[in-house]
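Structure, as structure tokens:
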Amino acid sequence: MSNNIKISTELAPDGQAYKTVTLTNKQGMKISFCDWGATWLSCQVPTAGGLREVLLGCHSLSAYQKQTGYLGATVGRYANRITNSTFKLDGISYQLTPNQKNHQLHGGPVGFDQQRWQIISLTDNQVEFELHSADGDQGFPGNLTVTAIYHLTDNNEFKIQFYAKTDKSTPVNLTNHAYFNLDGDGSGDARRQTLSVDADQYLPVDEDCIAIGGLASVTVDDMDLRTPRQILDNFSHSAARNRVKGYDHAYLLNHHHEVVAKLIAHDQKVAMEIMTNKPGIQVYTGNFLAGTPNRDGKTYQQYEGIALETAFLPNSPNQANYPQPSCILNPDEQYTYHTTYRFITK
Ligand code: BGC
């Protein structure tokens, strides 16, 4: 293995040291990760003014354990909420471990963000993590093996490839929960950024972020992001956004274009394009970020970062009629989903 791996002096909840890795490219872009949760810790992109940190992060690895915002974490086995922590598959009802009221959020109390992943291979621009999730883990059926390959190109693209295999049919929905502030971590309100999402439909939700009434047109209640829009634009105007203090909504991607979403810094010096083969994207404006430890040893305010989580629609194990591929992985199949974040800088 190359020497871009570091053993931290801090100990993870399993009593062993955290391992961190850093990938670099020819343009000087640097991204780093931790084996705990296969967490994306840092993303420094080259601008004319020097490297700019565009990812929210905590001041120490142990501080990550003191937050519930899933900063940079790999979320699984099922990202977002499964309503009432239950679903039925092949005639069997499964009871999952709840962790938000009676619902399961982001894979449960000991989701993939709270587990140590093994580093399988490492080069200057690629790291491969692996995790085994046992049959019954957080209530899910089947022994599941998950691989996350993180690759940095010389074109300032970061590509995440997720693969998974199971020995029993199970829902799988893996994503990364990074929060972006392209004006720079710590620069303030991330809603000054401009966002576009290639989606005609989104999922309206109630105060607990549980879907109400199925997919709706983005033109309903001012949720349209099809043309670039400053996130602050009419922010408190829509009832949909008011119910959850901002954007916390799944959009069903049209896949009309290669780029499904684009975020642009307020100062225009950094833009990020997202490409993916996943059916949807969760747009979350950090409505509950307040109190999360930041890099300065203080805490973040609400709305200091935007999460753009490519995923299946929330609660899909209970919604066979959503117009998307099935989120159920069967033993003879391989889960193969990828997301690329392309950074364009000045
Ligand atoms: C969810 C939010 C939740 C947050 C936790 C997001 O993916 O959509 O509702 O509060 O994760 O950090």
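Listing for the model above:
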read-out: Every pair of residues 6+ apart whose Cβ atoms lie under 7 Å, when the first sits in segment 39-53 and is touching a residue at least 24 places away in the same chain (Cβ under 8 Å) and closer than 15 Å to N25 by Cα while the second is surrounded by fewer than 17 Cβ atoms within 10 Å (Cβ to Cβ) and of a type in the set (G, A, S); value: P46/G28
read-out: Hits in segment 48-64 - residues which are in a strand (DSSP E or B) and farther than 14 Å from A265 by Cβ; value: G50, L51
read-out: Members of segment 66-76 that are crowded, with 16+ Cβ neighbours inside 10 Å and not hydrophobic (A, V, I, L, M, F, W, C); value: Q67, G69, Y70, G72, T74, G76
read-out: Residues of segment 85-115 classified as out of contact with any Leu (no Cβ under 8 Å at 6 or more places or on another chain), farther than 15 Å from L144 by Cβ and either of a type in the set (G, A, S) or more than 16 Å from the ligand (Cβ to nearest atom) (or both), total; value: 7
read-out: Given (1) within 21 Å of D233 (Cβ to Cβ); (2) crowded, with 20+ Cβ neighbours inside 10 Å; (3) of a type in the set (A, V, I, L, M), number of the condition V220 does not satisfy; value: (2)
read-out: Sole residue being among the polar types (S, T, N, Q), in contact with a strand residue (DSSP E or B) (Cβ under 8 Å, 6 or more places away or on another chain), in contact (Cβ under 8 Å) with a residue 60 or more places away in the chain and within 16 Å of the ligand (Cβ to nearest atom), chosen from N176, N156; value: N176
read-out: Qualifying residue in segment 183-194 (condition: at pLDDT 95 or above, farther than 27 Å from I82 by Cβ and among the hydroxyl-bearing types (S, T, Y)); value: yes
read-out: Qualifying residue in segment 225-236 (condition: among the aromatic types (F, W, Y) and under 21 Å from the mean Cα position of the chain (by Cα)); value: no
read-out: Cβ pairs under 7 Å, 6+ apart, first in segment 232-247 and at pLDDT 95 or above and aromatic (F, W, Y), second part of a helix (DSSP H, G or I) and more than 12 Å from the ligand (Cβ to nearest atom); value: F235/R191; F235/R241; Y247/R241
read-out: Single residue of segment 1-47 satisfying the filter (among the charged types (D, E, K, R) and in a strand (DSSP E or B)) that is surrounded by the fewest Cβ atoms within 10 Å (Cβ to Cβ); value: K6
read-out: Number of positions in segment 53-75 that are within 13 Å of the ligand (Cβ to nearest atom) and in contact with an Asp or Glu (Cβ under 8 Å, 6 or more places away or on another chain); value: 5
read-out: Residues of segment 77-96 satisfying the condition of being buried (at least 16 other Cβ atoms within 10 Å of the Cβ) and assigned to a loop (DSSP other than H, G, I, E, B); value: R77, A79, N80, L96
read-out: Residues of segment 249-268 satisfying the condition of being assigned to a loop (DSSP other than H, G, I, E, B) and under 23 Å from A216 (Cβ atoms); value: N254, H255, H256, H257, V260
read-out: Residue identified as in a loop (DSSP other than H, G, I, E, B), surrounded by 20 or more Cβ atoms within 10 Å (Cβ to Cβ) and under 21 Å from the mean Cα position of the chain (by Cα) among G246, G291; value: G246
read-out: Selection count where residues are within 29 Å of T299 (Cα to Cα), in a loop (DSSP other than H, G, I, E, B) and either touching a Lys or Arg at 6+ places or on another chain (Cβ under 9 Å) or among the hydrophobic types (A, V, I, L, M, F, W, C) (or both), scope segment 192-232; value: 7
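Residue by residue, here is whether (1) of a type in the set (S, T, Y); (2) closer than 30 Å to V127 by Cα; (3) buried (at least 16 other Cβ atoms within 10 Å of the Cβ) holds:
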site	(1), (2), (3)
I160	no, yes, yes
S169	yes, yes, yes
H177	no, yes, yes
F180	no, yes, yes
D183	no, yes, yes
S187	yes, yes, yes
L253	no, yes, yes
V259	no, yes, no
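The values are calculated or read from the model by the stated rules, or taken from the named source; none is laboratory data. Since we're looking at a predicted model, the values are computed, not measured. Glycine gets a Cβ as well: all are built from the backbone with ideal geometry, and neighbour counts include every protein chain shown.
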